Structures are given as C-alpha cells and as structure tokens.
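Here's the structure, in structure tokens; my notes come after.
The values are calculated or read from the model by the stated rules, or taken from the named source; none is laboratory data. Predicted model, so just to flag it, every value in this text is computed and none were measured. Note: ideal-geometry Cβ built from the backbone for every residue, glycine included; neighbour counts use all protein chains shown. To get the accessible areas, we keep the full protein, side chains included, count just its heavy atoms, and leave off ligands, DNA and RNA. Shrake-Rupley method; radii C 1.70, N 1.55, O 1.52, S 1.80 Å.
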Amino acid sequence: MIRLLVRDLRLAMRAGGGFGLGLSFFLVVTVLVPFGVGPDSGLHSVIAPGILWLGALLACLLSLDRIFQLDYEDGSLDLLATAPIPMENVVLVKALAHWLTSGLPLTLAAPVFGVFLNLPQGGYVWLVVSLAIGTPALSIIGAFGAALTVGLKRGGLLLSLLVLPLYVPTMIFGTEAARRGAEGLETMTPLLMLAGITAGAIAMLPFAAAAAIRVNLR
Amino acid sequence: MSIWEYANPRRFMGWTGRLVPVFAILAAACISVGIIWGYFFTPDDFRMGATVKIIYIHVPSATMAINAWGMMLITSLVWLIRRHHVSVLAAKAAAPIGLVMTLIALITGAIWGQPMWGTWWVWDPRLTSFLILFIFYLGYLALWQAIDNPDTAADLTSVLCLVGSVFALLSRYAVNFWNQGLHQGASLSLDKEEHVSDVFWQPLVLTLVGFVLLFIALVLIRTRTEIRARRLHALETRERMA
C-alpha cells in the first residue's frame, strides 16, 4: 500500500499538472473574483472565506478524473483489482494520494491567497484549519465519483454533476467555520461537524467506491 | 408463493396491466375533486387570501418529490440485494417523475412566494434542500443515460442512489445550520393535532391521495415501457445474431 502511494505521488509529480495545475487554477479563481465583484476591499474581506473555500473545492474537482482514469486505461487498475490488497484500501490510498497532491498544497497556499482578498487578521488560522479538516472529505467523495464514472469516455462533466451536490454539506460547514473564524466568533461547532463528515466519508465511501470499481471492471 | 413472484417480468406485466387504469382513474378523480373543492368551496385565508389555494398542488408534489427518492432507494436496495430487474427499472422509471414533482414544488412555491414573501426565491433551508434534491435527480438520470450496458448502469446508479440518500439527508440538516428559514413549519405530520385548519385540510388530504395514486400509475406505466424496451432490445440483439 505504501508502494502504491509512493507510485501515485511520483506519477502525479512527474507527469506534471499534479501540484501546479490545481494551485494555478486556485490562483486564477482568486484573481478573477475582484474583477467580478469590484475593487471594494471591505466587500472582499466579507466574502473571502467563502471564495477561498469555493476556489479550493473547484481546484480539487479539477484533478478528480485523474484518480482512476489513467490506471483504468493502461490496465493497472485490473492488476490492482487482482492484487492481494482489498479494493477498498486501493481507493483509500488513491484518495490519500489525491489529497496530498491537491488538498494539502491548496490548504497551505490558502493564506497567501487570503492576503489578496483582504481576509481579516483572525481568519487565517481558521481558514487553514477548516481546509485541513475538510479537504480530505473532498478527496474521498471525489474518489467515489471518479469510481462511478471511470468507464466512461466523456466522464469529466458528468463527474462534476455527480460530485458537486455531494460536496454541499462539507462546503457548508467548512465555510461556516472559516467565516466565523474571520469574524472572531466561536468556531468549534462547525469544525466538529466538518470533522464528523470527513470521518464518516472516510469510513463509508471506500466501500461504495470499491463496489463501483468492481462493477466497472466487470 | 412469495411476494417476489409478482416481480417476475411476465407476471408483473399481467397484474400491472389490469391495475394501471384503476390507479389512473382514481388519481384523476381524487385530484380533480380535491382541486375543485379546494379552489371553489373553501374560504380565503384571512392573511394569505386566495394564494393559500396553491397548497393543493404545492404540498402534494413536494411530498411526492421526497417519497419518490425514498422509493428509488428501496428499489435500488432490492436490486443490489436480490437482483430483480423489474425493481431497478422501477427506480429508473420513478426518477423523471420525481424530478418533475420537485420542479412543480419549486415553481408553485416561487409563484406563491412572490406575492407573500415579496420574492421568487430565498436561500431558505427548505427551498435550498429542494434545489439540491433536484440536482441529485439530474445526476442520477445523467448517469443512467451515460452508460450503455444496462446492468452496469443499474449497479452504478443504485450505488449512487444509496450514497446520494445519505448526503441528501446530511444536506437537509446542514442547510438548517447555514441559514434561518422563511418557510413555515410542516403542513402535515403525525405527531401534532392540527397544522392547517380543517377547511383546507380535507381537500388537501384528497389531493395528496390523488398525487400518490398518480405517482403509482405513472411509475407502473413507465416501468412497463422500460420492460418492453428491454424485450425489444433483446429481440433485436437476437435478430442480429441470427
């Protein structure tokens, strides 16, 4: 399993577009927002937590179809299915690799982009904390969506349609925590709910995703 | 003789063929009597005026929108556990109906909300969760359309339906947390004596029953169509082989 993780990470880095693409996309979204809503920095500081969460979510979405697609096309997913580790673990490791190459860098980069949007002083810590807790859920839910659409030729758009409604609860609690943090309110409740969603998703979705992959490999 | 024998496609075609007209006629009767009663023989509400009458369409369609998903969840489970083809075809047949019911609920709600709340749309928890339900239906239908192999499609959409149910419920309660509501409380529930005055309540129950019957009739018709389409497909394949 560790070898699989290392292999996935190596592929993501050497093939290009792993770290860089998601981060650049996040940057572009952040840069476009002020053009859309005008240069009022007071308004920016109000909407900053939500925009940063939305940008991170979309950047995560961008690389989802790479989780299984390439392995499906070159046949290594068949090998993994016959390997002596359960499919559920494969899903978990792949989601972890996806998180390490997209969720983690996005979390670390978010404070920098927060500066652009005039995020209030106290908000930085909570933005990073909420992203750190929430992005694993985005990766594992996305892995489930990718598992559903892995056999399709034009799966990308369908994948977004399937995954985005599943992202709603994560998004709600994540932005709520970040927003409350930025306004200096108590943040424990949304953070705990967010952690609960992440934990629940990690516990349940590998089974659903593995079932979907088995169906697709049939 | 067990209940599962009724799910055999041939038997299913037999008994549903006889029952569909019964359900359809009863549905038409209940809905038309309920609506005529509600529209012409009940007083205007003292605060809402005549707009209260949209309740006879709004509440039943919203109820069916949720219950259609519940039915899809059950039939998807039956397919995953017992592999009854009719079951998953019924889920497939119910999805567009649920989609339309959701749309009717959203549109009638908007029409009512404009004069009453002064806006077509607010990000109220109930409204928002209905919109999310609408997107779930869209995704479910899109997945059915995207996959060629019917058994693969049935398996994948069933898994999506199960996971989607969990997340739809989560979203339903998450949006409560996110924004306070403008929408009034439940119109119907089992634990309270009276939510709506009896004058409005009686025709409402009639239209509700009518919508349930309408839903059953439509699902049966669409399931029969799906079974026929499946048979046609099998015949064509056999023809090509020969």
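What to note about this one:
- Checklist (1) open to solvent by 30 Å² or more (accessible area, probe 1.4 Å); (2) more than 8 Å from chain B (Cβ to nearest Cβ); (3) touching a residue at least 24 places away in the same chain (Cβ under 8 Å) applied to A:Met188, failing item: (3)
- Looking only at segment B:129-159, and only at residues there that are closer than 27 Å to A:Leu191 by Cα and within 8 Å of chain A (Cβ to nearest Cβ), the one that is surrounded by the fewest Cβ atoms within 10 Å (Cβ to Cβ): B:Ile135
- Yes/no for A:Phe207 being in a helix (DSSP H, G or I) and surrounded by fewer than 19 Cβ atoms within 10 Å (Cβ to Cβ): yes
- So A:Gly156, is it more than 15 Å from the chain's Cα centre (by Cα), open to solvent by less than 30 Å² (accessible area, probe 1.4 Å), closer than 17 Å to A:Gly22 by Cα and not hydrophobic (A, V, I, L, M, F, W, C): no
- Selected residue [free of Cβ contacts under 8 Å to residues at least 60 places away in the same chain and open to solvent by less than 10 Å² (accessible area, probe 1.4 Å)] from A:Ala95, A:Ala59: A:Ala59
- Some residue of segment A:115-122 being away from chain B (no Cβ under 14 Å), open to solvent by 10 Å² or more (accessible area, probe 1.4 Å) and under 18 Å from A:Leu205 (Cβ atoms): no
- Residue check, A:Ala132 under 18 Å from A:Ala95 (Cβ atoms), more than 9 Å from every other protein chain (Cβ to nearest Cβ), open to solvent by 10 Å² or more (accessible area, probe 1.4 Å) and assigned to a helix (DSSP H, G or I): yes
- The helices (runs of 4 or more DSSP H) located wholly in segment A:1-116 that include 3 or more residues which are at pLDDT 80 or above and among the hydrophobic types (A, V, I, L, M, F, W, C) occupy A:19-37, A:41-62, A:76-82, A:87-98, A:104-116.
- Check on B:Ile66, part of a helix (DSSP H, G or I), in contact (Cβ under 8 Å) with a residue 40 or more places away in the chain, farther than 14 Å from B:Thr157 by Cβ and of a type outside the set (Asp, Glu): yes
- Meets criteria (over 30 Å from B:Phe12 (Cβ atoms), modelled with pLDDT of 70 or more and not aromatic (Phe, Trp, Tyr)) for B:Leu213: no
- Candidate set: segment A:141-161, residues that are closer than 14 Å to B:Thr157 by Cα and in a helix (DSSP H, G or I); chosen: the one farthest from the other protein chains (Cβ to nearest Cβ): A:Ala146
- Cβ-Cβ contacts under 9 Å between residues 6 or more apart (or on different chains), taken from a first residue in segment A:41-54 that is without any contact (Cβ under 8 Å) to a residue 12 or more places away in the chain to a second residue that is assigned to a helix (DSSP H, G or I), are listed as A:Leu43/A:Val37; A:Val46/A:Arg179; A:Val46/A:Ala182.
- Note on segment B:72-100: among residues that are in contact (Cβ under 8 Å) with a residue 24 or more places away in the chain and of a type in the set (S, T, N, Q), the one that is surrounded by the fewest Cβ atoms within 10 Å (Cβ to Cβ) is B:Ser87.
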